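S.K.: Got a structure here, written out as structure tokens. Questions coming.
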Amino acid sequence: MKTCLVLLLSVAVLAQPQPDDPRTRWFREDKFGLFIHWGPYSVIGRHEWARQFFQIPQAEYDVFARQFNPVNFQPDEWVSLAKNAGAKYIVLTSKHHDGFAIWKSKVSDYDIEITPYRNDPFGQLAEAARKQGMRFGFYHSIMDWHHPDYRPRRPWEYPGDGEQEKSPTNPSNLRYIAFMKEQLRELLTNYGDIAVVWFDGEWEHTLRDNRMDDDVYDFIRKIQPNTLINDRLYERKPGNRADFGTPEQYVPATGIRSPDGKPVLWEACVTINESSWGYNRYETEFKTDRDLIRMLVEVVSKGGNLLLNVGPTPDGRIQQEFVTRLQAMGQWMKVNSDSIYGTTASPFEKLPFFGRATVKRDRLFLHVFQWPRNGRLRVPGLKNQVKSAGILADQKVRLTVNREGEDVLIQLPSTAPDEIASVIELKLDGPPQVGPYVIHPESDGSIELGIESAEIDTRFEQRAKKENFLGHVFLTRWTRTDDVPYWNFSLPKGGRYRAEIVYASAMGEPQKLTVEAGGKSYELTAPSTGGEFVFRPAKDVIELDLPAGEQSLRVKPAAALSRFSFEKVRLIPLP
Ligand code: GLC
């Protein structure tokens, strides 16, 4: 009985932070941060995992580490770049998996002091951030490829390590954790307020298996009671004591919820380039300005934050590809940031147009990515009275608003004020009240499920994205079968439907797609349409049995697709 009580109590004490915790307030309001990965791997210039990817022995890696010499590092410029982009906080790597400390660490010889650089880059950036009113936090890897006590060691480097040696509960890990805490103590005591401690490399379970995760958590809290701690101190699961979740390289389809269904704080961390966090001079793919602006909007509309990454060069510069994109985000934010900072998630389950929504008390912001061709924007199931409607980019313009059944229709000017994302602002009579999403059949009774209103079920390394061009809104870069567009919708009438896929394909071979609906799955083939943007309804149609009411329709490719654009599914009721 007594143990039971103690257990219950400790569960209550360890419970995850409440969504309205004043400690997390800045995080909920600021929405946008800059992530910086910087260390000896930048010298190699081919991904921060270079030591592992190329199996570089420690002694050889140290040659690169000793060359780290950021003579062109201008901390004030980095901070200004972040600030002008609209970011409100910075998270810098203190120590990545390679174990190298980018500050002067008294408890390690593997730090900035082995380089020719005479300063402390960590302290310099912390100081510059403080001067410009930016919050500052750090990333810290639990996994450590350098520390002699850390286990497991890399098998390619220590092939002789027995199972016991590799075990995360090997007692030497306790020495390692004691060391890690001393390094954390330095970072948490010598550099002022730390906004975030952003752990990583938790998947080897060093802390969990040694039952040290709560210990480290409490240790940090004691030094800096207000700092936020990400979920990688623990297992990455909602429901632990972490302040926020960290989906990596993807935007979760519907935000993140705790096991009891309540929204939790989260922050998507994403690289501007294809997949390197540390400087990679061989990366040639970069997200476009519009990808990044729309991603920020999408993340915020789902209740999250965006932590966007740059990997500076070893001499301390941020490459032009990153700079121009951050500047473009800043241009957009200068006009539209009122629809980002301090907002809460979209009240809509789904929107009939390609865009997103955010809310600030009784103000509703609609981010329109594809300007409607008929000049009308449909706001589905909005119950409030609309007091006024305008355009954030042009305060003089007043828009006409009409009601059509449950929906509100906004009359738009003929051209979009912003080709990437135009923001319409509605002032309501109170916080938005929204009814269920009702699909409006076309005049012939058919129902269109367009990509604009689909979500993408996805995970780490998301590739598929929505795009629009010449009036088409479509899914592109569908190069992973794990990226699955789906629609949750309510069907007014059950029965048999003919389903037609509208797509464009330049793929020589016919592609196989699976449609899952009404508890069954159906296969169809999609031959080339003659081009990546030549949209045609598939000749191969399938007949679906769909019940009336709530349901979900998902479309999966059998294999990775390239030069393939997926636009919509049309459901035609059969007599
Ligand atoms: C991954 C990688 C790491 C990167 C981190 C950022 O876990 O191991 O290199 O720093 O993601 O989220």
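The values are calculated or read from the model by the stated rules, or taken from the named source; none is laboratory data. All values derive from a computational prediction rather than experimental measurement. Because the Cβ atoms are built from the backbone with ideal geometry, glycine has one as well, and the counts that use them run over all protein chains shown. What goes into the accessible areas is simple: the full protein's heavy atoms, side chains included, and nothing from ligands, DNA or RNA. Shrake-Rupley method; radii C 1.70, N 1.55, O 1.52, S 1.80 Å.
S.K.: What dipole magnitude, in Debye to the nearest 20, does the chain give about its Cα centre under +1 on Lys/Arg Cβ and -1 on Asp/Glu Cβ?
M.R.: On the way: 74 positive and 77 negative charges, 263 e Å.
Computed charge dipole of the chain: roughly 1260 debye.
S.K.: What aspartates and glutamates could a cross-link reach from Lys106, if we take a straight Cα to Cα line under 14 Å and drop same-chain neighbours fewer than 8 places away?
M.R.: Asp120, Glu182, Glu186
S.K.: Rounded to the nearest 20 debye, what is the charge dipole size of the range 42-155 about its Cα centre when +1 sits on each Lys and Arg Cβ and -1 on each Asp and Glu Cβ? Could the numbers behind the result be given before it?
M.R.: Working: 15 positive and 13 negative charges, 67 e Å.
So the magnitude is around 320 debye.
S.K.: I've got another one for you. In deg cm²/dmol, rounded to 500, what helix-only [θ] at 222 nm does the chain give when every DSSP H run of at least 4 residues adds -39500 (n - 2.57) and the total is split over its residues? Display every interim value, and only then the final one.
M.R.: Numbers: 13 runs with 128 residues, N = 575.
It lands at -6500 deg cm²/dmol.
S.K.: Turning to a different aspect of this structure: Given the convex hull of the Cα atoms of the range 147-259, what is a quarter of its surface area in nm²? The partial results should precede the final answer.
M.R.: Details: hull surface 34.8 nm².
With every direction weighted equally, the projected area is 8.7 nm².
S.K.: With only alpha-carbon atoms in the gyration tensor, what are the semi-axes of the equivalent ellipsoid for the range 136-208, in Å, largest first?
M.R.: Details: eigenvalues 142, 26, 19 Å².
Square roots of five times the eigenvalues give 27, 11, 10 Å.
S.K.: Each residue of the range 377-390 in order: what ³J(HN,Hα) in whole Hz does its phi give by Karplus 6.51 cos²θ - 1.76 cosθ + 1.60, θ = phi - 60°, with x for Gly and Pro?
M.R.: With coefficients 6.51, -1.76 and 1.60, one gets 10, 9, 9, x, x, 7, 8, 5, 7, 8, 7, 7, 9, x Hz.
S.K.: Based on alpha-carbon centroids, what's the gap between the range 538-561 and the range 374-406 in Å, whole number please?
M.R.: Taking the Cα centre of each part, the range 538-561 and the range 374-406 sit 33 Å apart.
S.K.: Express the C-alpha Rg of the range 318-360 as a ratio against the empirical globular expectation 2.2 N^0.38 Å, rounded to two decimals. It would help to have the intermediate numbers written out before the result.
M.R.: Details: Rg = 13.8 Å, N = 43, 2.2 N^0.38 = 9.2 Å.
This ratio for the range 318-360 stands at 1.51.
S.K.: When we measure straight from the Cα of Lys493, which aspartates and glutamates land under 18 angstrom away, once same-chain ones fewer than 8 places off are left out?
M.R.: Within the straight-line limit of under 18 Å, Lys493 reaches these aspartates and glutamates: Glu442, Asp444, Glu448, Glu543, Asp545, Glu550.
S.K.: Here is a further query. Mind checking which aspartates and glutamates have their Cα closer than 20 Å to the Cα of Lys166? Skip sequence neighbours fewer than 8 apart in that chain.
M.R.: Here the aspartates and glutamates satisfying the reach criterion relative to Lys166 are Asp98, Asp144, Asp149, Glu157, Asp200, Glu202, Glu204, Asp209, Asp213, Glu235.
S.K.: What net charge do the residues around Gly430 carry, taking every other residue with its C-beta under 14 Å from that of Gly430, with Lys and Arg at +1 and Asp and Glu at -1? If you can, show how the numbers build up before the last one.
M.R.: On the way: positive: Lys360, Arg361, Arg363, Lys383, Lys387, Lys427; negative: Asp362, Asp429.
Charge balance near Gly430 sits at +4.
S.K.: Can you tell me, using C-alpha contacts under 8 Å and at least 6 residues apart, the relative contact order of the range 143-243 as a whole percent? Let's see the in-between values first.
M.R.: Numbers: 112 pairs, mean separation 26.6, N = 101.
After rounding, I find 26 percent.
S.K.: Report the Rg/Rh value for the chain, based on alpha-carbon coordinates and the Kirkwood definition of Rh. Could the numbers behind the result be given before it?
M.R.: On the way: Rg = 25.7 Å, Rh = 25.8 Å.
Ratio of gyration radius to Kirkwood radius for the chain: 0.99.
S.K.: Follow-up. Accessible area per residue of the range 27-132 at 1.4 Å probe, in Å²? Provide the component values of the computation, followed by the final result.
M.R.: Values: 3900 Å² over 106 residues.
Accessible surface, normalised per residue, equals 37 Å².
S.K.: Shifting gears a bit: By the scheme Lys and Arg +1, Asp and Glu -1, what is the net charge of all other residues having a beta-carbon under 11 Å from that of Tyr191?
M.R.: Overall, the nearby charge balance is -3.
S.K.: Which is the longest part of the chain that has none of the chymotrypsin sites (Phe, Trp or Tyr not before Pro) sitting in a DSSP loop with at most 11 other Cβ atoms within 10 Å? Walk me through the intermediate numbers first.
M.R.: Numbers: sites that count: Trp156, Tyr282, Phe460.
Value returned for the longest uninterrupted segment is 283-459.
S.K.: Determine, for the range 316-473, the count of lysine pairs separated by eight or more sequence positions (or lying on different chains) whose alpha-carbon distance falls under 17 Å.
M.R.: Step by step, the pairs that qualify in the range 316-473 add up to 10.
S.K.: Quick one: accessible area per residue over the range 187-303, 1.4 Å probe, rounded to a whole number of Å²?
M.R.: Numbers: 4300 Å² over 117 residues.
Value for the range 187-303: 37 Å² per residue.
S.K.: At a 1.4 Å probe radius, carbon and sulfur cover how many percent of the accessible area of the chain?
M.R.: On the way: 12360 of 24410 Å².
Answer for the chain is 51 percent, counting heavy atoms of protein chains only.
S.K.: Restricting things to alpha carbons, find the Rg to Rh ratio for the range 429-575 using the Kirkwood radius for Rh. Don't skip to the answer; put the middle values down first.
M.R.: Details: Rg = 15.5 Å, Rh = 15.8 Å.
Taking Rg over the Kirkwood Rh, I get 0.98.
S.K.: Simple spin-label model, 7 Å along Cα-to-Cβ: Val438 to Lys383 in nm?
M.R.: 1.4 nm
S.K.: Magnitude of the Cβ-charge dipole of the range 419-575, K/R +1 and D/E -1, about the Cα centre, nearest 20 debye?
M.R.: Numbers: 19 positive and 23 negative charges, 67 e Å.
Around 320 debye, computed over the range 419-575.
S.K.: With the other protein chains left in place, how much accessible area per residue, in square angstrom, belongs to the range 519-575 at a 1.4 angstrom probe?
M.R.: Values: 2890 Å² over 57 residues.
On a per-residue basis, the range 519-575 sits at 51 Å².
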